[in-house]
Amino acid sequence: LKYTVADYFLIQGKEAYKESRIADAEKDFQRAIKYGHDLTNSVSTFYFEKGLQHQNDPKIARKNYELAIKYNPKDDTAYNNLAIACQQLYDYNCVNKTYEIIFKLKPNKWESHYGLGDFYDGQGEYDLAEKQYEIAIRSSDQAMFAVAALARLKNKKGDYRAAASLALKGLQKTNNRELQASLYKDLGWARLMENKLTEAEKYLEKATKLDSERTDAYCLLSQVEESLGQFNYARAYIDACILTKSSLPEVFRWRQELLDRILDK
């Protein structure tokens, strides 16, 4: 009977949530746990899944992840997702506090070191980002997003040999098309800066075939084709570089360089 009552309140809580009666849902969940202490993880999982369902609305996602953590304070994955939601909301105090908790729970969680690196990257704190990406890579062979992110930063810093080495290693370990596109882009970028233009062209074209919205690859291809004297191709890639969406600072810089040259002419 005790567990029947607990399950009843658990179901009532889920129904209340569905009807946006969050306070009532909380009361029902508390009652459910009173009758069935082992239901705390079930309630936490419920809120966690609701957070996932609202990934495109970070404010709602954040609230759900916070509730998931309330019922399971050791859920490092919920903390990780909370940090991402806080980053999307520009609540940097929340980001820093959340990562501190994660690393106490799981010092070597590669996803979180990558996430913190991405946060620093977005703030232009490239040395701090690089450090976190390196920790992620040391922590797990699965940290391919960190490999791609670090390869990009190595190119930005002018360490083209390191960028190419990371990209080649990453390409041997992943079948993810998004990651492959990013890694081919970085390999092409490194080869361009080493003046290995034919190689650069090959890798950058692979990047755009894998991901037709890789604006950075189009910008780099415009430079390659111009250096090869293929001005018609270069113009087409310039158009793609300028018109395709991107929030990357290097793309803004390349666009500005293109516009400056056009105005100088």
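The values are calculated or read from the model by the stated rules, or taken from the named source; none is laboratory data. Fair warning: this is a prediction, and the values are worked out from it, not measured in the lab. Note that each Cβ is placed from the backbone with ideal geometry, even for glycine, and that neighbours are counted across all protein chains shown.
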Return the pair list, or none, for Cβ contacts closer than 9 Å from residues in the stretch 175-199 that are among the hydroxyl-bearing types (Ser, Thr, Tyr) to residues that are modelled with pLDDT under 95 and assigned to a helix (DSSP H, G or I), at least 6 apart or on different chains.
none
Against the conditions (1) closer than 18 Å to Glu111 by Cβ; (2) among the acidic types (Asp, Glu); (3) at pLDDT below 95, where does Asp75 fall short? Just the number, please.
(3)
Turns out the helices (runs of 4 or more DSSP H) fully within the stretch 58-144 with at least 1 residues that are touching a helix residue (DSSP H, G or I) at 6+ places or on another chain (Cβ under 7 Å), surrounded by fewer than 19 Cβ atoms within 10 Å (Cβ to Cβ) and of a type in the set (A, V, I, L, M) are 92-105, 126-139
Within the stretch 70-123, which residues are touching a Pro at 6+ places or on another chain (Cβ under 7 Å) and either at positive phi or touching a residue at least 60 places away in the same chain (Cβ under 8 Å) (or both)?
none
Surrounded by fewer than 21 Cβ atoms within 10 Å (Cβ to Cβ) and modelled with pLDDT of 95 or more - does that describe any residue in the stretch 30-45?
yes
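Give the residue, chosen from Asn64, Asn56, that is within 18 Å of Asp91 (Cα to Cα), of a type outside the set (D, E, K, R) and free of Cβ contacts under 8 Å to residues at least 12 places away in the same chain.
Answer to the check: Asn56.
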Verdict on Leu166 being part of a helix (DSSP H, G or I), out of contact with any Phe, Trp or Tyr (no Cβ under 8 Å at 6 or more places or on another chain), of a type outside the set (Gly, Ala, Ser) and over 16 Å from Gln223 (Cα atoms)
yes
Please specify each residue of the stretch 8-22 satisfying the condition of being among the β-branched types (Val, Ile, Thr) and either surrounded by 18 or more Cβ atoms within 10 Å (Cβ to Cβ) or within 16 Å of Lys34 (Cβ to Cβ) (or both).
Ile11
Among the numbered conditions (1) at pLDDT below 95; (2) surrounded by 10 or more Cβ atoms within 10 Å (Cβ to Cβ), tell me where Lys245 comes up short.
(2)
Subset of the stretch 29-52 (residues that are more than 12 Å from Ala68 (Cβ to Cβ) and basic (Lys, Arg))
Arg31, Lys34
Could you grab me the full set of residues in the stretch 1-47 that are outside any helix (DSSP H, G or I), among the hydroxyl-bearing types (Ser, Thr, Tyr) and in contact with a helix residue (DSSP H, G or I) (Cβ under 9 Å, 6 or more places away or on another chain)?
none
Filter result for Lys173 (buried (at least 24 other Cβ atoms within 10 Å of the Cβ), of a type in the set (Lys, Arg), within 30 Å of Asn108 (Cβ to Cβ) and at pLDDT 95 or above):
no
Which of the residues spanning the stretch 200-228 are surrounded by fewer than 18 Cβ atoms within 10 Å (Cβ to Cβ) and in contact with a Leu (Cβ under 8 Å, 6 or more places away or on another chain)?
Glu205, Ser227, Leu228
